[in-house]
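**Student:** Okay, here's the structure, questions in a sec.
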Amino acid sequence: MSHEAVIAGVAQTTYTRRPEPDGTTAELLAEAILAAIADAGLEPGEVDGLGVSSFLLTPDRPIDLAWKLGLRLRWLMAEPLTLTIVQHARRAIESGDARNIVIVGGDRMDSGRFREMVSRYNAVTEQRLVPMGLVGPNAQFSLITAEHRRRHGLGPEAYGQVVIHQRARAALHRNGIFTDPLTVEEYLAAPMVTSELRLYDCVPLVTGAGAVVLRRANDVQGPVVRMVGYDAVLNHDHQEGDGLDLGLGPIAEQLGVQSGTDPTDVDLVSVYDDYPVIVLQQLQELGVLSEERLASLGETGFGEGLPIVNPSGGLLCCGQAGVGGELHGFVDAVEQLTGKSGAGQIQGAHRALVTNYGMVLYRYGACAVAMLLEAA
Amino acid sequence: MIEIELAIQQCEQCGHRMFPERLACSRCGSSALLSQPAGPGTVCDRVDVYRAPSGADDGPTHVVLVELDAGPRLLARAAVDLVGGDRVSVSDEALAAVAMRLWS
């Protein structure tokens with residue numbers, strides 16, 4: 001017997017750039033988990049599944065977190081790409097392996113932990129990039145931005161429009177960090193981090209966490225979100241391409257087939273936004289941003305004729321809570337589709353397209369994942 | 001100082017060449033991989049990194065994307081002022097790939 005799974009609860013902790021000195025990642029994740037469980041109308045004793053995306057929970061593992069929270073589980077999963085956990089959780093509920101699954105993503109970040117995390121990101125980073133003096137992926141995404149800029153004949157203003165748009169959105173979100181209005185001139189005048197990237201092209205680090213709860217549709221009253229399409233490409237080009245084929249084109253086609261709808265016919269798009277170039281490239285591959293629109297983006301900016309992109313302001317303007325960044329856009333979309341977005345609520349938001357991108361193995365992200373959501 | 005040329009991998013079965021090191025060929029899946037010198041390449045692009053995440057200011061790091069004649073594209077630190085189109089050799093200095101201009 002198959003039970004449809006729906007998203008029935010959502011929560012996001014307060015994001016902060018300066019966390020209390022004695023806090024832990026476990027406490028942060030616990031806060032988000034308990035808030036999402038309550039939002040779903042559940043007691044912790046009813047939860048039987050846990051998914052975790054976190055780099056800095058170490059040396060604890062997800063089972064330690066479950067133990068400390070008193071959760072008795074039948075289902076447990078840990079993985080940085082949170083959307084893949086959501087899909088596995090959906091299938092586990094459909095098949096009956098679990099009934100109420102909470103998925104959390106977040107990290108307690110400061111610059112020391114960030115440096116440690118990015119220096120030991122994987123063996124190739126440790127062995128081949130750190131010895132060159134590269135800590136963090138700014139050099140790689142500078143090369144990708146330059147390639148993208150040349151290929152499409154764009155000026156820096158096009159990338160600035162991503163930041164300008166997301167600033168305006170972040171001003172309406174409770175966890176906005178960069179919320180002052182930004183002009184093209186101010187964007188262009190910002191300090192250069194590399195010869196290609198300005199300060200505002202890079203995400204601020206924050207401490208924070210988000211969580212969602214998946215339940216059987218039949219168990220839930222009230223507004224929920226349905227998952228109507230999902231696909232992923234993991235290591236699709238072996239890091240042997242130019243970094244500007246994220247693999248989202250075929251994914252968008254799949255979402256169309258699975259849902260029987262046009263995946264670009266949505267009210268909002270939450271795309272992973274570690275750098276503006278990745279926002280634009282994803283929107284292009286998904287079919288949301290046409291070549292003509294891209295060409296004029298520097299002057300026209302976002303708005304008219306496009307779904308709302310990253311309604312919370314995204315990682316660029318709310319900050320990246322470690323690997324919790326992969327859940328940020330998903331939480332944003334779920335809040336929008338259930339009318340929980342406060343001042344930034346998009347009236348009548350009914351459908352959303354959400355992506356994850358990342359795992360920079362050497363030169364660029366190796367993974368892209370997308371999910372199509374519908375309010376029910 | 002003795003310069004050690006960077007090593008890449010070549011698949012014994014299909015000839016595909018790779019960098020960084022893998023456990024099996026990304027084209028045919030064979031795990032019979034040989035090590036060989038990277039050989040010369042061409043700079044595709046260069047970027048200067050001004051600020052390390054640590055905030056330490058050791059001056060800019062010049063990074064180049066190099067396409068080897070043998071195939072693989074790799075990241076290297078530029079030992080000298082390099083620009084796109086420059087012909088380079090790539091040495092291995094304590095695991096750091098370093099690109100030097102080749103005079104032809």
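**Student:** Just the number please: accessible area per residue for the protein assembly as shown, 1.4 Å probe, all protein chains included, in Å².
**Tutor:** Numbers: 19280 Å² over 480 residues.
Dividing the accessible area of the protein assembly as shown by its residue count gives 40 Å².
**Student:** Per the helix-only calculation at 222 nm, which mean residue ellipticity applies to the protein assembly as shown, given -39500 (n - 2.57) for every DSSP H run of n ≥ 4 and division by its residues, nearest 500 deg cm²/dmol?
**Tutor:** It comes out at -8500 deg cm²/dmol, rounded to the nearest 500.
**Student:** Also, I was wondering about something else. Compute the long axis of helix A:291-300 from its Cα atoms, compare it with the longest principal axis of the Cα atoms of chain A, and write down the angle in degrees, 0 to 90, nearest 10.
**Tutor:** Helix A:291-300 and the main axis of chain A meet at about 80 degrees.
**Student:** Tell me, what % of the accessible area of region A:165-292 is carbon and sulfur with a 1.4 angstrom probe?
**Tutor:** Using a 1.4 Å probe with all protein chains present, region A:165-292 comes out at 49 percent carbon and sulfur.
**Student:** Carbon-plus-sulfur fraction of the accessible area of chain B, 1.4 Å probe, in percent? Provide the component values of the computation, followed by the final result.
**Tutor:** Working: 2790 of 5390 Å².
Roughly 52 percent of what the probe reaches on chain B is carbon or sulfur.
**Student:** Quick one: if you stick a label point 7 Å off each Cα along the C-beta vector at B:Cys44 and A:Asp245, how many nm between them?
**Tutor:** It works out to 1.2 nm between the two label points.
**Student:** For A:Glu291 and A:Asp180, what is the calculated FRET efficiency with R₀ set at 41 Å and r taken between the beta-carbons, to the nearest 0.05?
**Tutor:** Details: r = 32 Å, r/R0 = 0.78.
With a Förster radius of 41 Å, E is 0.80.
**Student:** Given chain A, what percent of its DSSP beta bridges are antiparallel, to the nearest 5?
**Tutor:** 70
**Student:** Among the residues of region A:360-375, which ones have their accessible area go down by 30 Å² or more when all the protein chains sit together, as opposed to their chain alone (1.4 Å probe)?
**Tutor:** Output list: A:Tyr362, A:Arg363.
**Student:** Between 0 and 90 degrees, rounded to the nearest ten: what's the tilt of helix A:82-95 against the longest Cα principal axis of chain A?
**Tutor:** It is inclined by approximately 30 degrees.
**Student:** What's the buried accessible area, both sides, between A and B using a 1.4 Å probe, rounded to 100 Å²?
**Tutor:** On the way: alone 15240 and 6670 Å², together 19280 Å².
Buried surface at the A/B interface: approximately 2600 Å².
**Student:** About its Cα centre, how strong a charge dipole does the protein assembly as shown have in debye, to the nearest 20, once Lys and Arg get +1 and Asp and Glu get -1 at the Cβ? Intermediate values should be presented prior to the final figure.
**Tutor:** Values: 37 positive and 60 negative charges, 117 e Å.
It comes to approximately 560 debye.
**Student:** Choose one of A:Tyr364, A:Leu297, A:Ala352: the residue whose Cα lies farthest towards the positive end of the charge dipole of region A:260-376 (beta-carbon charges +1 Lys, Arg; -1 Asp, Glu; about the Cα centre).
**Tutor:** Result: A:Tyr364, furthest along the dipole toward the positive end.
**Student:** Which residues, if any, in region A:234-250 have at least 30 Å² less accessible area in the whole protein complex than in the isolated chain, probe 1.4 Å?
**Tutor:** A:His238, A:Glu240
**Student:** Oh, and also: Report, to the nearest whole %, how much of the accessible area of region A:300-343 belongs to carbon and sulfur atoms, 1.4 Å probe, protein only.
**Tutor:** On the way: 500 of 960 Å².
Ligands and nucleic acids excluded, carbon and sulfur give 52 percent.
**Student:** When the accessible area of each residue in region A:127-165 is compared between its chain alone and the complete protein assembly (1.4 Å probe; ligands, DNA and RNA ignored), which residues differ by at least 20 Å², being lower in the assembly?
**Tutor:** For region A:127-165, once contacts with the other chains are taken into account, A:Gln127, A:Arg128, A:Pro131, A:Met132, A:Leu134, A:Val135, A:Ala139, A:Leu143, A:Arg150 lose 20 Å² or more.
The values are calculated or read from the model by the stated rules, or taken from the named source; none is laboratory data. Small disclaimer: the values here were computed from a predicted structure and weren't measured. Cβ: placed from backbone, ideal geometry, glycine included. Neighbour counts: every protein chain shown. Areas reflect the complete protein model, heavy atoms only, side chains present, ligands, DNA and RNA absent. Shrake-Rupley method; radii C 1.70, N 1.55, O 1.52, S 1.80 Å.
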